[in-house]
Amino acid sequence: MFLGIEIGGTKLQLGVGLGNAAQLVALERLEVDRARGAKGIREQIKRVGRSLIARHEVAAVGVGFGGPVDAATGRAIKSHQIDGWDNFPLADWCRQTLDRPTVIANDADTAAVAEARFGAGRSHKIVFYITVGSGIGGALVIDGMPYRGSAGIAAELGHLRPGLQADRAEATIESLASGWAIAEAAKARLGGPVSHPAVARLFADKPRKPELVRRRLVELEEADEESAAELLRRCEGRIERLGARELALAAAEGNELAGEIFGHAAEALGWAIAQMITLLAPEVVVIGGGVAQSGEELFFTPLRREVDRYVF
């Protein structure tokens, strides 16, 4: 038996299995408290990991870490969501804490290999995997093995910068389309003046007569106010409680503001996937992560549309 650990920005998962199929014999899923940082996550791993090892004959541990890693030395280089992971000797810590041999890799790489060998990428030679959750990770698998590039970090789709004006390090696809980005976009819309997409996009298929433009903007303002009020009722006025999961539910139930935010995220992610397809020409693209669980209508249909719009 093997213990697999996934360390993310919002969730922590520990699963036990044989390592030769998709099925698990045990799975523990925990929420991450961002305020407690890496130390809080390590405490959770220690408690739950030791319990799983005690109940199952675990021979070794594999860790998928949500951020860049140095797999050769077993160090977590950095988390873009959780403080306290910078240059941390994660493999050594696990060996000492769990008393089992341990290897670590980037979480998108580990998920990509699993999908290529046992999941949606099975029987395909070239598989590109994307995880859309707290952050956005990417991984390329060729003949069942992850391609890590010259420095151990490759295919990081979430860190593409869309457009020539995106000259700041934080101006990434992840900042536009991840679960946290979706939540932050909603909080910005609820906490400040409502802004609309460019008029050129609003009226792409209509004549732009001044009176029509004014009337349509008034209609949009009224619709946004109603949608915003409904979202505020959902979170009882505490916008910090709004996450991508709550916004997905609201959008599925017809909230126009939540739907618009998801639409913007799909556009950014679709653009990025199209660039990757153009450059790498994979046989299949597999998407996982919490945001991808939003479903066909809300997530995959608009995403496919945007990929078709931008791909070569």
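The values are calculated or read from the model by the stated rules, or taken from the named source; none is laboratory data. Because the structure is predicted, anything quoted here is derived from the model rather than measured. Glycine gets a Cβ as well: all are built from the backbone with ideal geometry, and neighbour counts include every protein chain shown. Just the protein is used for accessible areas: all its heavy atoms, side chains included, with ligands, DNA and RNA removed. Shrake-Rupley method; radii C 1.70, N 1.55, O 1.52, S 1.80 Å.
When residues in the stretch 294-303 are screened for being open to solvent by 50 Å² or more (accessible area, probe 1.4 Å) and in contact (Cβ under 8 Å) with a residue 24 or more places away in the chain, 1 of them pass.
Note on the stretch 128-139: residues that are under 21 Å from A21 (Cα atoms) and either open to solvent by 10 Å² or more (accessible area, probe 1.4 Å) or more than 18 Å from the chain's Cα centre (by Cα) (or both) amount to 2.
Of the residues making up the stretch 91-110, those that are modelled with pLDDT of 95 or more, in contact with a Ser or Thr (Cβ under 8 Å, 6 or more places away or on another chain) and aliphatic (A, V, I, L, M) number 1.
On the basis of being at pLDDT 95 or above, open to solvent by 10 Å² or more (accessible area, probe 1.4 Å) and outside any loop (DSSP other than H, G, I, E, B), does A116 make the cut?
yes
Just to be sure, is S227 hydroxyl-bearing (S, T, Y), in a loop (DSSP other than H, G, I, E, B) and either modelled with pLDDT under 85 or within 27 Å of R117 (Cα to Cα) (or both)?
Numbers: hydroxyl-bearing (S, T, Y): yes; in a loop (DSSP other than H, G, I, E, B): no; either modelled with pLDDT under 85 or within 27 Å of R117 (Cα to Cα) (or both): yes.
Here the answer is no, as S227 does not meet what is asked.
Taken together, A54, A35, A72 contain a single residue that is within 24 Å of T131 (Cα to Cα), part of a helix (DSSP H, G or I) and either in contact with a His (Cβ under 6 Å, 6 or more places away or on another chain) or open to solvent by 30 Å² or more (accessible area, probe 1.4 Å) (or both), which is A35.
Selection over the stretch 96-113 of residues that are touching a residue at least 24 places away in the same chain (Cβ under 8 Å) and part of a helix (DSSP H, G or I) gives a count of 9. Of the residues that sit in the stretch 82-97 and are open to solvent by less than 40 Å² (accessible area, probe 1.4 Å) and touching a helix residue (DSSP H, G or I) at 6+ places or on another chain (Cβ under 7 Å), which one is nearest to M1 (Cα to Cα)? Once the filter is applied, the top-ranked residue is T97.
Among the residues of the stretch 263-312, which ones are of a type in the set (D, E) and farther than 27 Å from A250 by Cβ? Give the steps one after another, and end with the answer.
Restricting attention to the stretch 263-312, the residues satisfying the condition of being of a type in the set (D, E) are 267, 283, 296-297, 306, 308.
Hit for the stretch 263-312 is E283, nothing else.
For the stretch 264-283, a residue qualifies if it is buried (at least 17 other Cβ atoms within 10 Å of the Cβ) and small (G, A, S), and the qualifying residues are A265, A266, A268, G270, A272, A274.
Number of residues in the stretch 136-155 that are within 27 Å of S123 (Cα to Cα) and without any contact (Cβ under 8 Å) to a residue 40 or more places away in the chain: the value is 10. Apart from one condition, R309 fits all of (1) touching a residue at least 12 places away in the same chain (Cβ under 8 Å); (2) within 26 Å of Y147 (Cα to Cα); the exception is (2).
The number of residues in the stretch 233-246 being in a helix (DSSP H, G or I), open to solvent by less than 90 Å² (accessible area, probe 1.4 Å) and more than 13 Å from G295 (Cβ to Cβ) comes to 3.
Every condition in (1) in contact (Cβ under 8 Å) with a residue 60 or more places away in the chain; (2) more than 28 Å from G152 (Cβ to Cβ) is met by L27 except one, and the failing one is (1).
Considering only the stretch 150-174, state which residues are open to solvent by 60 Å² or more (accessible area, probe 1.4 Å), closer than 19 Å to K78 by Cβ and modelled with pLDDT of 90 or more. Answer for the stretch 150-174, where residues must be open to solvent by 60 Å² or more (accessible area, probe 1.4 Å), closer than 19 Å to K78 by Cβ and modelled with pLDDT of 90 or more: H159, L160, R161, R168, A169, E170.
Restricted to the stretch 6-32, and to residues there that are more than 18 Å from E115 (Cβ to Cβ) and among the aliphatic types (A, V, I, L, M), the residue that is surrounded by the fewest Cβ atoms within 10 Å (Cβ to Cβ) is V25. From the list G40, G67, G49, G121, the lone residue that is on the phi > 0 side of the Ramachandran plot, open to solvent by less than 30 Å² (accessible area, probe 1.4 Å), among the small types (G, A, S) and not in a strand (DSSP E or B) is G67. Considering only residues that are free of Cβ contacts under 8 Å to residues at least 60 places away in the same chain, within 23 Å of G290 (Cα to Cα) and in contact with a strand residue (DSSP E or B) (Cβ under 7 Å, 6 or more places away or on another chain), which ones fall in the stretch 30-66? Within the stretch 30-66, L30, E31, V32, A38, I41, Q44, I45, V48, G49, V63, F65 meet the criteria.
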